[in-house]
Structure formats: structure tokens, C-alpha cells
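Okay, structure first, notes after.
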Amino acid sequence: MTDTSTTKKEKIMENLAHDLKSPIFSQINALNILLKDKSFYFNEMQRELLSGILTSNIYMRDMVLNLLSGYKMKNSKIKPKVCNIEDTINFAIKSIEHSLCENNHKLIIKNNCKSPYAEYDEIEIKRVLVNLLSNASKHSCKNSEIVLVAHNEGGNLIISITNKGKIYLNHPDDIFKPYMTNCNDNSKCCSGLGLHISRQIIKAHSGEIKAENLEGGYVRFEFRIPVINTNL
């Protein structure tokens, strides 16, 4: 296969992913309205079916966004700007709130940053946070806590996400390899691209990301990126 034909196929896939994004987002918005609006009455079975459809659409949304992020990281550079980390975290939480509610997780946020401002590509760091929080929600035991901690250290912005679970690979950092999954339950398996793309995004910010198993049956994902400017 020539480089030209490979490029053409990648362009087709990128265009397809882009075209799928709008209808998927529309369906998610419509389903959220139906499930949250008290004026609509659904019996338990109907509500369960709608919730299942919403979950499937969210899975497709994340897959499409990961594909688009992958192409962006391959074909262009990140675009840092002054951002508020509190707003970025809140956006990511809103994006995965259905998964948190579905699994009855309690999300605990500990923002210990000296300044809420830093310079980074907001779209891409949002993608990293959504991937990590979504991963934690999917693979944690139901009715458990997920803890997100943000702080500054040594000129870096550091964010960690800890949840009840375990990485079953011999080397936990292998979880960032493309198409690598960490699940025994097929219903929870994913494409294996989200964490790989997250690592690419963090590396593009001249940062680091790691995963580790902790004592007591917990797992923690942590990334750090340089804080370019906090004197605002």
C-alpha cells in the first residue's frame, strides 16, 4: 500500500468521523431531554431502553472524538492558550455525568491549585479528562468513589484520578498502547484508543502521564503538564 493511498483512506475516515459527530450529539441531547424532563412519563422498561440507547450514543461520541483527536495530533500542533482549569474540569464532568449516575458513582473533586490559570490546548486537555474519567467510571465497582485531585508542583499542573479497580497488565503503563484494553467484561470493553490518544496529547504538551495500581484495590491515573503562565 502506497503512502498516497493510506493518506486518502485516513482522510476518508477523518471525514466520516466528522460527519458522524453532529447526528450523534443531536441524539445525545434529545435523549438527555427526554430522560430529564418530568413532563415525559416512561415506565421502568422504557426508561431503561432509552438509557441504554443514550449509553450507546455516548460510547460512539467518545470513539468519534478520539478518532478526530488522533488525526488532529498527527496532522497539526496543539494550540495553547490561557485557560481556567476549573472550567475545563467542570466541562469534562458534565460530559460523563450520565455514566456516573448510571453506575451510582460519587465523584470527589479536590482542586488545590495555587492559581486556576494555565496555558494549554483546552480542547485536547478536555479530551484527556473525559477519557480518564470515563475510563474510571466504566471500570470502577458500582456505588464507589472516584477522586480527582488537581494541584501545582515544580512548575507543573498535576491532575490525578483514583478509583476502585485494577490494571491487570504486567506493566500498568502498557494500558496507553494503541488498542490495548483492560477488561474482563466484554460489555465494558472499548476501542483501546482513548488512553493512547491521551498520552499523545500530554506528550504534545511536553508533559507525562502514568498509571499505577495502589494498595487496597485502587488504581490511579496521573498526568502533569508544565504551567507556562500563572501570573495573570
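The values are calculated or read from the model by the stated rules, or taken from the named source; none is laboratory data. Computed from a prediction, not measured in an experiment: that's the story for all the values here. Every residue, glycine as well, gets a Cβ built from its backbone with ideal geometry; the counts of neighbours run over all protein chains shown.
Restricting Lys38, Lys79, Lys94 to residues that are surrounded by fewer than 15 Cβ atoms within 10 Å (Cβ to Cβ) and either in a helix (DSSP H, G or I) or touching a Leu at 6+ places or on another chain (Cβ under 9 Å) (or both) narrows the list to Lys94. So how many residues does the stretch 16-60 have that are closer than 23 Å to Ile123 by Cβ, modelled with pLDDT of 80 or more and not hydrophobic (A, V, I, L, M, F, W, C)? Going through the stretch 16-60 one residue at a time, the tally reaches 7.
Residue by residue, here is whether (1) crowded, with 20+ Cβ neighbours inside 10 Å; (2) not in a loop (DSSP other than H, G, I, E, B) holds:
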site: Leu132; (1), (2): yes, yes
site: Asn135; (1), (2): yes, yes
site: Lys142; (1), (2): no, no
site: Val149; (1), (2): no, yes
site: Ile159; (1), (2): yes, yes
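Ser191 passes every criterion in (1) under 23 Å from Thr55 (Cα atoms); (2) modelled with pLDDT under 95; (3) part of a strand (DSSP E or B) apart from (3).
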